[in-house]
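Shown next, in structure tokens, is the structure this report addresses.
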Amino acid sequence: MNDLSKDILITILFLIGLTGFISGEFIISSTLFAAAAIASNISVKHKRIKTGQLSWD
């Protein structure tokens, strides 16, 4: 996946999670928020490794 498709996927997960939270589906929305956070962190860590930046991990 390229960066644009990853960003779109993370945004869709976040928006669906937000909609679920507003409608009262807290377990589903929590799962979607967690998936968006994990996908976002994996994407950021991969970019750091790819560009050779040092990280605190």
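The values are calculated or read from the model by the stated rules, or taken from the named source; none is laboratory data. On a predicted model such as this, the values are computed, not experimentally measured, just so you know. Cβ atoms come from the backbone with ideal geometry, glycine included; neighbour counts cover every protein chain shown.
Descriptive notes on the structure:
- Qualifying residue in the range 38-47 (condition: modelled with pLDDT of 85 or more, out of contact with any Phe, Trp or Tyr (no Cβ under 6 Å at 6 or more places or on another chain) and not acidic (Asp, Glu)): yes
- Failed condition for Ile16, given (1) surrounded by 13 or more Cβ atoms within 10 Å (Cβ to Cβ); (2) modelled with pLDDT under 85: (2)
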